[in-house]
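Q: The structure's right below; bear with me while I get my questions together.
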Amino acid sequence: MNENHDYSVPIADQMRNLRADCENCFGLCCVALCFSASEGFPIDKDAGQPCINLKPDFRCCVHKSLQERGFKGCLAFECFGAGQKVSQVSFGGHDWRKVPEYAEQMCQVFLIMQQLHELLWYLTEALTLQPAHSIRDALSSMHAETERLTHLSPDLLVNLDVAVHRADVNTLLLKTSELVRAEARRGQKVHVARQKTFGRGADLIAADLRRIDLRGANLRGAYLIAADLRGTDLSGTDFIGADCRDTDLRGADLTKSIFLTQTQINAAHGDTSTKIPSSLMRPVQWGGS
């Protein structure tokens, strides 16, 4: 048995370091990312250009009114803890304002680190899924390798081919998904007449999915923008890469869904009756604790 991963630690604790800690970040998402005036943002911003709302202490001057001011994209974004990793580990606590020559490389490293940390999020979850027990050693080894990559020097990170590593990770995540979804369908009295197979990247924009049995469904990369999933049981449903902007999740049960991220939850609509995995935080706008 590979001992690179501590299976006894609750998933919520394992993933704590894979959440944004803005207090220990130098506002990297507010600098490195680009966005254009659209539904998610009211203005244009180039990559490497500090957001107009970023204060000298790296705090956001409109944080409490982002939604009202049209910055919905900021509310939905999640760096998976890459911001504090780059700020405090990769660059040893030296911020780009005090050391301007670090600015460009720090932004480049952040964009790469964000991808690596997202992969760590999925791998960490996969290691807790009982149906994937047969490939746990492979998952643990891949988790350890991904973690190792996050500790490379900035010079090495900017030249890292993340796409190649992501493809290797995805092979294992696909197998994990197949095992989990098969178990979800096997363990439930699935309504065959209400089942439907979706291909990756399925166009489900504004679709009413309440009459479809989505337990064990493959929604990888699906466009769920404004889709209606109210009251649905999403046990074993794979959400990796799904676009959940304005997805209606009121009353839905996502506690046993897989590969769901905070970004997706933040972008969706829910309420006090929406059940989410313990590893995720309930958006304030949903109400409840």
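Q: For the structure I just gave you, tell me whether R200 is of a type in the set (K, R), outside any strand (DSSP E or B) and surrounded by fewer than 19 Cβ atoms within 10 Å (Cβ to Cβ).
A: So R200 passes the test.
Q: Still on this model: Picking from A167, A144, A138, which residue would you name as being over 20 Å from the mean Cα position of the chain (by Cα), outside the structural domain of M281 (by TED's automatic domain parsing), not basic (K, R) and not in a loop (DSSP other than H, G, I, E, B)?
A: Answer to the selection: A138.
Q: Which of the following residues is assigned by TED's automatic domain parsing to the domain that holds D203, within 22 Å of G40 (Cα to Cα) and over 19 Å from the mean Cα position of the chain (by Cα): R230, R245, R250?
A: None of the other options fit; the residue is R250.
Q: Do the conditions hold for L28, that is, is it at pLDDT 85 or above and closer than 21 Å to E118 by Cβ?
A: So L28 fits the description; yes.
Q: Let me ask you something else. Six or more apart or on different chains, Cβ under 7 Å: which pairs go from a residue in region 164-179 that's touching a residue at least 24 places away in the same chain (Cβ under 8 Å) to one that's buried (at least 16 other Cβ atoms within 10 Å of the Cβ) and of a type in the set (D, E)? Could you list them?
A: S177/D238
Q: Does L179 satisfy being of a type outside the set (S, T, N, Q) and either closer than 30 Å to D233 by Cα or not in a helix (DSSP H, G or I) (or both)? If you could, list the steps in order and put the result at the bottom.
A: Values: of a type outside the set (S, T, N, Q): yes; either closer than 30 Å to D233 by Cα or not in a helix (DSSP H, G or I) (or both): yes.
Yes, satisfied.
Q: If you don't mind, there's one more thing I want to ask. Within region 77-125, track down each residue that is more than 14 Å from the chain's Cα centre (by Cα) and not in a helix (DSSP H, G or I).
A: Result: F91, G92, G93, H94, D95, W96, R97, K98, V99.
Q: Can you name the residue in region 169-218 that is under 17 Å from E125 (Cβ atoms) and of a type in the set (D, E) and, of all such residues, is modelled with the highest pLDDT?
A: E178
Q: Could I ask something else about it? Return the residue satisfying two criteria in turn: it lies in region 82-140 and is among the acidic types (D, E) and over 30 Å from L174 (Cα atoms), and of such residues it is surrounded by the fewest Cβ atoms within 10 Å (Cβ to Cβ).
A: Among residues in region 82-140 that are among the acidic types (D, E) and over 30 Å from L174 (Cα atoms), the one surrounded by the fewest Cβ atoms within 10 Å (Cβ to Cβ) is E101.
Q: Would you please list the contacts, defined by Cβ atoms under 9 Å and residues six or more apart or on different chains, that run from a residue in region 53-67 that is under 13 Å from C25 (Cβ atoms) to a residue that is in a loop (DSSP other than H, G, I, E, B) and of a type in the set (A, V, I, L, M, F, W, C)?
A: Matching pairs, first to second residue: L54/C61; F58/C25; F58/F26; F58/L28; C60/C51; C60/L66; C60/F71.
Q: Among the residues of region 209-242, write down those that are assigned to a loop (DSSP other than H, G, I, E, B) and closer than 16 Å to R186 by Cα.
A: Kept after step one, since they are assigned to a loop (DSSP other than H, G, I, E, B), are these residues of region 209-242: 209-217, 219-222, 224-227, 229-232, 234-237, 239-242.
Across region 209-242, the qualifying residues are D213, L214, R215, G216, A217, L234, S235, G236, T237.
The values are calculated or read from the model by the stated rules, or taken from the named source; none is laboratory data. Everything numeric in this text was worked out from a predicted model, so none of it was measured. Every residue, glycine among them, receives a Cβ derived from its backbone with ideal geometry; neighbour counts consider all protein chains shown.
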